[in-house]
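*Asks:* Let me begin by handing over the structure; questions about it come next.
The values are calculated or read from the model by the stated rules, or taken from the named source; none is laboratory data. These figures come from a predicted structure and were not determined experimentally. Cβ placement follows ideal geometry from the backbone for every residue including glycine, while neighbour counts extend to all protein chains displayed. Each accessible area value is taken on the protein alone, full model and side chains, heavy atoms only, with ligands, DNA and RNA left out. Shrake-Rupley method; radii C 1.70, N 1.55, O 1.52, S 1.80 Å.
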Amino acid sequence: MKEAINTNTNAPQPAQLEGITLSERTLGDWLEYWAEKTPDKEYIVYSDRDLRFTWSVFNQRVDNLAKGLLSIGVTKGSNVGIWATNVPDWLTFLYATAKIGAVLVTVNTNYKQSELEFLCKDSDMHTLCITDGTWECDYVEMTYKMLPELRNCERGHLNSERFPCMKNVVYIGMEKYRGMFNTAELLLLGQNIDDSTLTEAKKQVNCHDVVNMQYTSGTTGFPKGVMLTHYNIVNDGFITGENMKFTQDDKLCVCVPLFHCFGVVLATMNCLTHGCTEVMVEKFDPLVVLASVHKERCTALYGVPTMFIAELNHPMFNMFDMSSLRTGIMAGSLCPIELMRQVSEKMFMTITSVYGLTESSPGMTQSNINDTFEQRCTTVGRDFPFVEVKVLDPETGEECPVGVQGEMCCRGFNVMKGYYKNPKATAEVIDKNGFLHSGDLGVKDEQGFYRITGRIKDMIIRGGENVYPREIEEFLYHMPGIKDVQVAAVPSHKYGEEVGAFIILQEGVKMEPEDVRDFCKGKIARYKTPKYVFFIDQFPLTGSGKIQKFKLKEMSLELCKQQGIEVI
């Protein structure tokens, strides 16, 4: 990599492979590097409101906010929560906390009261930064409900009985609320603090410090705080960009949520390490995405499959010029081959797939734009440089031979520092050899490419036969009239589990369950053919757009009841 800065002399020296070097720069180092090298180049753009920040202007705003945070008691190691969609100052808070060694704790925008309170308590949150909320959640009222003392206290003097670590609440915006600071006040406070205070704070930060904490439920239990370092996310984002041949000339349209690794790492760290422009979308809207790509001449676009489906099927799709696009990432859930083909043909993108999980920062494998169309469509690529990926037998822990299914595991720079205050849970996913266990099933081929075949817990066991939902989903995508499909288990008295297909139809298409079963007849094994077929309008999604398969399983019994279908 270019001109690496060593911010920790005790850290191991960067390894090199095929000209790529792992960076020891912190997020702050990278921001200042581009602010000096390309000060007048646009870094952040909100095309829908024509809001634009150059690298130098944005860096100055970050410095003022960082000093403002220092003035209200945020210091190295303080956990600062951010509960917001992709608003303009989301990234300002990310870099401001990073520069002073605080940890930005991302809060899912769909959280309800109990989830918010669990996260704030578990993370020992010092400062919570919020917006008004979403159409279904009033963040201000929910925060007052959690912290009733806030209504009667002076800003910066919060003394909560239930949340003793919480000292501040910051409203991201201009409005004033009792007991809360707002962004404008913090920026003003920062402008009145000497730069030497920030300089001293920055000296205490190194690349192996935790910079971001994201809560994930993983496979079991309560949500756990995944601790990610500068070193983890900077390098994961850098390698992602290298696989797509990113340069300073690229403009990435970011419509995935920043509270998730897809947005804050694969998008933001990619742009940060390559000096390119982030064209932001505050909350996913296919029309705003298409308009932003068209207006800004974006060269790259990210999304989960449901986002690309919404864009391609928007009635105004043909009104926008997508020809500036050249590449992007489809990830977050298993990517249908037919969808990849449509994105390639209609959006002109050499799409890549990244595979991983929050605990791996998140990428461990990725396809490359130089891979064949088939490799990019049917696999999730090969190992990241400096990451050792293995398919391990879940029973024995031994490495599986080529072509044999096992659990996807990895070891390398990208593995999280651990779960916050939870060494037991950490030890359950990172084994004694340092391999992170994903809970996902995969297969490695002779060329070193990986295919994800499902989750260990998503696997359907029908009367002793293992059924992998991904295989059936890929098959059903080829049935005319099907817009999207997910396959999940339906409880069965006779077989333990049966195959259920949850289908979203193309507009205007009518179909019967028997049509789907007839399509399968003679083409896939009888035990793989869906016994239950449900036509639904939408899938249950997480805040980051991932499909919640466990909820489909829960829905199946209710749908059977509604339709008068007897479960046997």
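*Asks:* Pull up all non-local amide H partners of S492: gap of 5 or more, or a different chain, and H-to-H distance under 5 Å with H placed in the peptide plane.
*Replies:* E497, E498
*Asks:* Just add up the charged neighbours of V293: K/R +1, D/E -1, any other residue whose Cβ is under 14 Å from the Cβ of V293.
*Replies:* My count for the surroundings of V293 gives -2.
*Asks:* Based on the mean of other beta carbon atoms within 10 Å per residue, what is the order of 231-240, 440-449, most packed first?
*Replies:* 231-240, 440-449
*Asks:* OK, next. Give the long-range amide H neighbours of F384: residues separated by 5 or more places, or on another chain, with amide H under 5 Å away, using H modelled in the peptide plane at 1.01 Å from N.
*Replies:* Those qualifying (amide H under 5 Å, at least 5 residues apart or on another chain) are T365, Q366.
*Asks:* Could you state the number of Å between the C-alpha centres of the stretch 236-288 and the stretch 528-568?
*Replies:* 33
*Asks:* Under a cut-off of 13 Å between alpha-carbon atoms, report the aspartates and glutamates in cross-link reach of K346, not counting same-chain residues fewer than 8 places apart.
*Replies:* E311, D321, E338
*Asks:* In whole Hz, with x marking every Gly and Pro, tabulate ³J(HN,Hα) for the stretch 291-304 from phi via Karplus 6.51 cos²θ - 1.76 cosθ + 1.60, θ = phi - 60°.
*Replies:* Karplus values, whole Hz, x for Gly and Pro: 5, 5, 4, 4, 5, 8, 6, 4, 9, 8, 8, 10, x, 7.
*Asks:* Using a Förster radius of 22 Å, what is the FRET efficiency between D518 and Q563 based on their Cβ-Cβ separation? Nearest 0.05, please. Don't jump to the answer; show the numbers that get you there.
*Replies:* Working: r = 19 Å, r/R0 = 0.86.
Once the sixth-power term is evaluated, E becomes 0.70.
*Asks:* Considering only protein heavy atoms and a probe of 1.4 Å, how much of the accessible area of the stretch 158-252 is carbon and sulfur, as a whole percent?
*Replies:* Accessible surface attributable to carbon and sulfur in the stretch 158-252 totals 52 percent.
*Asks:* How would the stretch 294-334 be classified by its alpha-carbon gyration tensor: rounded, prolate or oblate, with rounded meaning a/c under 1.5 and the a/b versus b/c comparison settling the rest?
*Replies:* Because a/c hits 1.5 or more and a/b fails to exceed b/c, the stretch 294-334 counts as oblate.
*Asks:* Strictly over 26 Å apart at the Cα level, which of K224/K483; K112/K283; K76/K421; K167/K424; K390/K457 would you flag in this model? Write down the numbers at each step before the final one.
*Replies:* Working: K224/K483 35 Å; K112/K283 18 Å; K76/K421 17 Å; K167/K424 29 Å; K390/K457 19 Å.
From the list (K224/K483; K112/K283; K76/K421; K167/K424; K390/K457), the Cα-Cα distance tops 26 Å for K224/K483; K167/K424.
*Asks:* Quick check on packing: order 495-502, 46-53 by the mean number of other C-beta atoms within 10 Å, highest mean leading.
*Replies:* Per-residue Cβ counts within 10 Å, averaged per peptide and sorted highest first, yield 495-502, 46-53.
*Asks:* If DNA, RNA and ligands are ignored and the probe is 1.4 Å, what is the ranking of K553, K561, K37 by accessible area, most exposed first?
*Replies:* Largest to smallest exposure gives the sequence K561, K37, K553.
*Asks:* Okay, moving on. Taking only Cα atoms, what is the 0 to 90° angle, nearest 10, from helix 55-71's long axis to the longest principal axis of the chain?
*Replies:* The angle comes out near 70 degrees.
*Asks:* Please report the antiparallel percentage of the DSSP beta bridges confined to the stretch 112-195, to the nearest 5. Intermediate results must be reported in sequence, preceding the final value.
*Replies:* Details: 2 of 8 bridges.
Of all bridge pairs located within the stretch 112-195, approximately 25 percent are antiparallel.
*Asks:* Right, here's the next one. Enumerate the residues in the stretch 251-267 having an amide nitrogen under 15 Å from the point lying 7 Å beyond the Cα of D48 toward its Cβ.
*Replies:* 253-258
*Asks:* A further question on this structure: Could you tell me what percent of the accessible area of the stretch 515-558 is made up of carbon and sulfur, with a 1.4 Å probe and every protein chain present?
*Replies:* Heavy-atom surface of the stretch 515-558 belonging to carbon and sulfur, 1.4 Å probe: 49 percent.
*Asks:* Only Cα pairs under 8 Å and at least 6 apart count here; give the relative contact order of the chain as a rounded whole percent.
*Replies:* 10
*Asks:* Also: Find the accessible area per residue for the chain; the probe is 1.4 Å, ligands and nucleic acids are left out, and the unit is Å².
*Replies:* On a per-residue basis, 41 Å².
*Asks:* Can you tell me the FRET efficiency between E388 and N152 if r is taken as the Cβ-Cβ distance and R0 is 41 Å, rounded to the nearest 0.05?
*Replies:* About 0.15, to the nearest 0.05.
*Asks:* Nearest 5 percent is fine: what portion of the DSSP beta bridges confined to the chain is antiparallel? Don't skip to the answer; put the middle values down first.
*Replies:* Numbers: 52 of 88 bridges.
Given both bridge residues lie in the chain, the antiparallel proportion sits at roughly 60 percent.
*Asks:* When a/c is below 1.5 the answer is rounded, else prolate if a/b is larger than b/c, else oblate, so apply that to the stretch 446-534 with a ≥ b ≥ c taken from the square roots of the Cα gyration tensor eigenvalues.
*Replies:* Oblate is the answer for the stretch 446-534, as a/c is 1.5 or above yet b/c matches or exceeds a/b.
*Asks:* On a full-extension model of 0.36 nm per residue, what is the gain between Q548 and A427, subtracting their alpha-carbon distance, rounded to one decimal in nm?
*Replies:* This chain segment gains 41.0 nm when fully extended.
*Asks:* What nm value, rounded to one decimal, do you get for the distance between I193 and H314 when each label is placed 7 Å out toward the C-beta?
*Replies:* So the label points at I193 and H314 sit 4.0 nm apart.
*Asks:* Take each of the peptides 133-141, 73-81, 199-207, average the number of other beta-carbon atoms within 10 Å over its residues, and list them starting from the highest.
*Replies:* The densest-packed peptide leads the list: 73-81, 199-207, 133-141.
*Asks:* Obtain the nm distance between the two label points defined at K494 and M479 by a simple spin-label model: each point lies 7 Å from its Cα along the Cα-to-C-beta direction.
*Replies:* Rounded to a tenth, the inter-label distance reads 2.0 nm.
*Asks:* Amide H neighbours of G356 under 5 Å, counting only residues 5+ apart in sequence or on other chains, H built in-plane at 1.01 Å?
*Replies:* Placed amide hydrogens put M364 under 5 Å from G356.
*Asks:* Tell me which label goes with the value of percent of Cα pairs over 36 Å apart computed from the coordinates here: (1) 35; (2) 48; (3) 39.
*Replies:* Entry (1).
*Asks:* FRET efficiency for E141 and E465, Cβ-Cβ distance as r, R0 = 56 Å, nearest 0.05? Walk me through the numbers on the way to the answer.
*Replies:* On the way: r = 50 Å, r/R0 = 0.90.
Approximately 0.65, to the nearest 0.05.
*Asks:* For the chain, what does the helix formula give at 222 nm: sum of -39500 (n - 2.57) over DSSP H segments with n ≥ 4, over the residue count, nearest 500 deg cm²/dmol?
*Replies:* Value at 222 nm, helices only: -8500 deg cm²/dmol.
*Asks:* The stretch 86-131 to the stretch 347-424: how many Å between their Cα centroids?
*Replies:* 28
*Asks:* Also: Taking the Cβ of T379 as the centre, find all other residues whose Cβ is under 11 Å away and add up their charges (Lys, Arg: +1; Asp, Glu: -1). Provide the component values of the computation, followed by the final result.
*Replies:* Working: positive: R376, R382, K444, R451; negative: D371, E374, D445.
Cβ neighbours under 11 Å give a net charge of +1.
*Asks:* Please report how many Lys pairs in the stretch 498-568 have alpha carbons closer than 20 angstrom, counting only residues at least 8 apart along the chain or sitting on separate chains.
*Replies:* Lysine pair count for the stretch 498-568: 13.
*Asks:* Where in the stretch 250-295 are there trypsin sites (Lys or Arg not before Pro) that are in a DSSP coil and have at most 15 other Cβ atoms within 10 angstrom of their Cβ?
*Replies:* K283
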